[in-house]
Ligand SMILES: Cc1cc2nc3c(=O)[nH]c(=O)nc-3n(C[C@H](O)[C@H](O)[C@H](O)COP(=O)(O)OP(=O)(O)OC[C@H]3O[C@@H](n4cnc5c(N)ncnc54)[C@H](O)[C@@H]3O)c2cc1C
């Protein structure tokens, strides 16, 4: 069959990799390079993801895929430490001792938090979907814990929408991030970054006869069960991995799902500034919600300098001078001079992930177009949080659906 795949991010690449063995596939990617949110900057001596990334021990589909691509030897399990910036003071919150010393929660609150963390794996997420995280957490843990512990996390991830986020999202987040030992959270990363994964999977696709068209946005899709036209070219089937909002722009009548944007500033620094802490949530007001010191996670030697990300989520459009504001505020809060920043680059994607607001799951179930296979970040595999693993699984499911269609029709190439 002739198959068009819209979007060259993880999901589209995985579908293409699976299908290009038996079918003629074409990936349409609007950007100059593939990888989507997992693409990288290519500096003179190293590559670094445009948006900070790591994976988890439970990401079995992604880990199996790495194995299939002969990349398992690149998997590294590293320790991610955390902290919070509260009223100008940076508090490490990784080890049990550091948590015990944290002055903005009482011993009883810390105990309640520990019990809640243990309980998160037992909650039925679908039952929590319609309830806001704020209401649920305040009922479960009280206002003090919510304000000082969860509010910064929600603000860092959802900005102005923090108050409307679903309890299912926050509970799944706490559950997945409780793989902790005394030295921090065990997180996966690839030796020298994810660019080797993107390169390898794209080589497999083209090696199997697949075509990858970069700088080629899809502007029109039409058709149905008897065949499709994408940008005027004929296909037997189409997989769309982009947001429903973007599909609507191609002329398709599809229910919308709200997404949020992410602006991520990556900086090279001459020295470390986060006291060795990888991930810092901000309680204090700032034009960024989190500081991610990548070289407190991955070895600094790979880069020859410190790498720090500043992340900000938004709806609509980011402010035009966001980069300057971020740098200025970061320099003040982390006591570093602007001339100690060796380089900086901002990436910004208005479709960086669905907004998991209360009631999301019901909305998501209604998103479909007859005959079109959907594998975007809003799909079931990415509920209640989008991830590399979710996109791998969505890509595999989409490829499976197309293979089943081909079997039914009794066709391949
Ligand atoms: C700041 C940030 C940090 C993250 N950190 C992690 C992490 O640590 N761990 C983790 O597991 N996940 C993380 N994620 C999520 C992860 O990056 C995504 O879930 C995953 O990469 C999404 O892949 P995708 O293929 O579904 O979508 P995308 O990567 O969005 O790919 C879609 C592609 O479609 C293209 N496109 C859009 N419109 C068109 C069009 N009209 N025509 C053609 N092409 C089009 C886009 O350019 C893009 O390349 C993070 C995301 C962000 C934003």
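Packing order of peptides 232-245, 341-354, highest average first: 232-245, 341-354 (average count of other Cβ atoms within 10 Å over each peptide's residues).
In the chain, the longest principal axis of the Cα atoms and the axis of helix 322-333 are about 30 degrees apart. Take the Cα of residue 73, step 7 Å toward its Cβ, do the same at residue 98, and the gap between the two points is 3.4 nm. Centre-to-centre separation between the Cα atoms of region 186-216 and those of region 21-58: 6 Å. Put simply, when 66-73, 135-142, 29-36, 376-383 are sorted by average Cβ atoms within 10 angstrom per residue, most first, you get 376-383, 29-36, 135-142, 66-73. Between helix 388-409 and the chain there is an angle of about 20 degrees, using the helix long axis and the longest principal axis of the Cα atoms. Estimated purely from DSSP H runs of n ≥ 4, each contributing -39500 (n - 2.57), the mean residue ellipticity at 222 nm for the chain is -9000 deg cm²/dmol once divided by its residues.
Taking packing as the residue-averaged number of other Cβ atoms within 10 angstrom, the listed peptides 308-316, 1-9 run from highest to lowest as 1-9, 308-316. For region 95-182, compute Rh as the Kirkwood radius over C-alpha pairs and then the Stokes-Einstein diffusion coefficient at 4 °C and 1.567 mPa s; write the answer in µm²/s, rounded to an integer. The Stokes-Einstein estimate is 96 µm²/s. Within region 102-136, what residues put their amide N at less than 11 Å from the label point 7 Å along the Cα-to-Cβ vector of residue 275? Under cut-off, by backbone N: 102-103. For the chain, the longest principal axis of the Cα atoms and the long axis of helix 107-119 meet at an angle of about 20 degrees.
Bear in mind these aren't lab numbers, they're just calculated from the coordinates by the rules spelled out. Keep in mind that what you see is a predicted model, and the values were worked out from it rather than measured. Methodologically, a virtual Cβ is constructed for each residue, glycine included, from the backbone with ideal geometry; neighbour enumeration extends over all protein chains shown.
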